[in-house]
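Undergrad: Could you have a look at this structure, given as C-alpha cells, before my questions?
The values are calculated or read from the model by the stated rules, or taken from the named source; none is laboratory data. As the structure is a computational prediction, the values presented were derived from the model and not from experiment. Neighbour counts are summed over all protein chains in view; Cβ atoms, including those assigned to glycine, are modelled from backbone coordinates with ideal geometry.
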Amino acid sequence: MTSRQSSEPWVRISSSEYGSPPAAVRLDVAVTRRGLVLFAAMCVIWGIPYLLIRVAVGEISPAMLVFVRTGLAAVILLPIAFTRGGLGVIGRRWPALVAFAAVEVAAPWFFLSSAEQHITSALAGLLISAVPLVSLVIAIGLGNRQQMGIANVSGLLLGLLGVALIVGFNLGVSNLTALVEMAIVVVGYALGPAILARYLTGIPAVTVNGVALALCCIAYAPVAALQWPHVIPSLPVIGAVAVLAVVCTALAFLLFFALIAEIGPVRATVITYINPAIAGVLGVAVLHETLTLAMGLGFVLVLAGSTLATRRPARTKVTSRATEPQPGKAL
C-alpha cells in the first residue's frame, strides 16, 4: 500500500502485511465510538455469510448464487466507482485485476458455496481462520523472510495443529471433496491480497471491488442461465441471497473502508480473528449444527498460531499516512 498525505490518519502497511492479522505496529489513532460501532458491525457482517450461504445453496446452485450475489453488489458499487475516476484509473493493470477477481471472488465464492452443500457453515467458518497462516506462507514464497524467527515458525506449526484438530475430528461426517474445496477457498483468500498489494495499489478500492464483482458476474452468467431454478426459491433463500449481496458484499466493502479510515488498516484486520467465531456460533444457534470441543480447541490454536506466525519485531514499528484503503475480503 502506498503512503500519501491525507486529512485522515492511516497506518502504512507493506504488501506482506495486507490481509494478515494485526501486527505489532504503534498506532497514534485513538479508537472512537464510531470506530467501535463500525468494528462491531463488520465482525457481524462478515461473520454471517457462511450461515446465509448454507441456507441459499439448499435451493439454488453455487454458480447461480455467485452470479446473483456479484451482480447485485456490482450494481451498487460501480456507480460509486465512476465517481472516483471511472475505469480509466485501471490503465494497463487489467490482467492483474482479472487475476485478483478470479482468486479473491470467482473461485473462493463458488467453492465455498459448493463446499457448504456438504459441510456445516460452522466448520466452513472455522476453516477460514487458517487464511492468515497461508498468507504468511505466500509472503515467504514471494521473498519476504525478514519476520521468520522461532516464534513465527512455532506459530505456523501451532496453526497447522489447530487446522488438523478442526478437520481431523470431522472426517467421518465431512465430505472430503468439500474439504479440498475449502482449501482452495483459503488459498484464494490469501493470494488475492498479495496480487492486490503488488499490482493494484493506487486504484480506488471501490473501483477494484466493483469491477472485480462485475467481471465475476459476467463470467458466471452463462452457467447461471443453464442452472436457473425452475421454481421460485423460497423466501428464506431469496432473503439470504439479498442480504449476502447488499449487506455482506456491497455495504460491507463501504463500511470496511470507513472502518480503516477511523481506526487504521492494522487494527481493522482484527476482524479476521472474530468472523470465524461468529460463523461457528451462528451455525450452532440458528441451524443447530454441531460444534465439537475439538473444533473449538482447534480454532483457539489457529488464532494463537496466527498471532505468533505474523508477529513482527518491535523495530518494524512505523506510523505514516495514506489516502486510499485497499479492498478488504468479503466472504
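Undergrad: With (1) outside any helix (DSSP H, G or I); (2) modelled with pLDDT under 85; (3) among the acidic types (Asp, Glu) as the list, and Glu262 as the residue in question, which single condition is left unmet?
TA: (1)
Undergrad: Only one residue in Ala96, Ala106 is farther than 30 Å from Leu297 by Cα, surrounded by fewer than 21 Cβ atoms within 10 Å (Cβ to Cβ) and in contact with a helix residue (DSSP H, G or I) (Cβ under 6 Å, 6 or more places away or on another chain), so which one is that?
TA: Numbers: Ala106 fails: surrounded by fewer than 21 Cβ atoms within 10 Å (Cβ to Cβ).
Residue meeting the stated conditions: Ala96.
For (1) surrounded by fewer than 18 Cβ atoms within 10 Å (Cβ to Cβ); (2) modelled with pLDDT of 85 or more; (3) assigned to a helix (DSSP H, G or I); (4) small (Gly, Ala, Ser), each residue gets a yes or a no:
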site: His230; (1), (2), (3), (4): yes, yes, no, no
site: Val241; (1), (2), (3), (4): no, yes, yes, no
site: Ala245; (1), (2), (3), (4): no, yes, yes, yes
site: Cys248; (1), (2), (3), (4): no, yes, yes, no
site: Leu255; (1), (2), (3), (4): no, yes, yes, no
site: Val266; (1), (2), (3), (4): no, no, yes, no
site: Gly283; (1), (2), (3), (4): no, yes, yes, yes
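Undergrad: Mind listing just one residue for me: the one in the stretch 282-312 that is without any contact (Cβ under 8 Å) to a residue 24 or more places away in the chain and among the hydrophobic types (A, V, I, L, M, F, W, C) and, of those, farthest from Val163 (Cα to Cα)?
TA: Looking at residues that are without any contact (Cβ under 8 Å) to a residue 24 or more places away in the chain and among the hydrophobic types (A, V, I, L, M, F, W, C), I get Ala285.
Undergrad: Kindly indicate whether any position in the stretch 88-107 is of a type in the set (A, V, I, L, M, F, W, C), assigned to a helix (DSSP H, G or I) and at pLDDT below 90.
TA: Here is the first cut: in the stretch 88-107, the residues of a type in the set (A, V, I, L, M, F, W, C) are 89-90, 94, 96-103, 105-107.
Applying the additional criterion that residues be assigned to a helix (DSSP H, G or I) yields 89-90, 94, 96-103, 105-107.
Still in the list and also at pLDDT below 90: none.
No.
Undergrad: Hey, any hits in the stretch 109-127 for a residue that's closer than 20 Å to Leu255 by Cα, surrounded by 18 or more Cβ atoms within 10 Å (Cβ to Cβ), at pLDDT 95 or above and of a type in the set (S, T, N, Q)?
TA: no
Undergrad: I would also like to ask the following. Restricting attention to the stretch 50-106, which residues are aromatic (Phe, Trp, Tyr) and closer than 18 Å to Ala252 by Cβ?
TA: The answer is Tyr50, Phe100.
Undergrad: Can you name every residue in the stretch 144-170 that is part of a loop (DSSP other than H, G, I, E, B) and at pLDDT below 70?
TA: Residues satisfying the conditions are Asn144, Arg145, Gln146, Gln147, Met148, Phe169, Asn170.
Undergrad: Which one of these does Ile138 not meet: (1) surrounded by fewer than 24 Cβ atoms within 10 Å (Cβ to Cβ); (2) modelled with pLDDT of 85 or more; (3) not in a loop (DSSP other than H, G, I, E, B)?
TA: Going through the list (1) surrounded by fewer than 24 Cβ atoms within 10 Å (Cβ to Cβ); (2) modelled with pLDDT of 85 or more; (3) not in a loop (DSSP other than H, G, I, E, B), Ile138 breaks only (2).
Undergrad: Taking the stretch 288-305, which residues are loosely packed, with under 15 Cβ neighbours inside 10 Å and of a type in the set (S, T, N, Q)?
TA: Thr290 - this is the single residue of the stretch 288-305 that is loosely packed, with under 15 Cβ neighbours inside 10 Å and of a type in the set (S, T, N, Q).
Undergrad: Sticking with this structure for a sec: Kindly indicate whether any position in the stretch 198-215 is among the hydrophobic types (A, V, I, L, M, F, W, C), touching a residue at least 12 places away in the same chain (Cβ under 8 Å), more than 19 Å from Gly86 (Cβ to Cβ) and part of a helix (DSSP H, G or I).
TA: So far as the stretch 198-215 goes, no, none of its residues is among the hydrophobic types (A, V, I, L, M, F, W, C), touching a residue at least 12 places away in the same chain (Cβ under 8 Å), more than 19 Å from Gly86 (Cβ to Cβ) and part of a helix (DSSP H, G or I).
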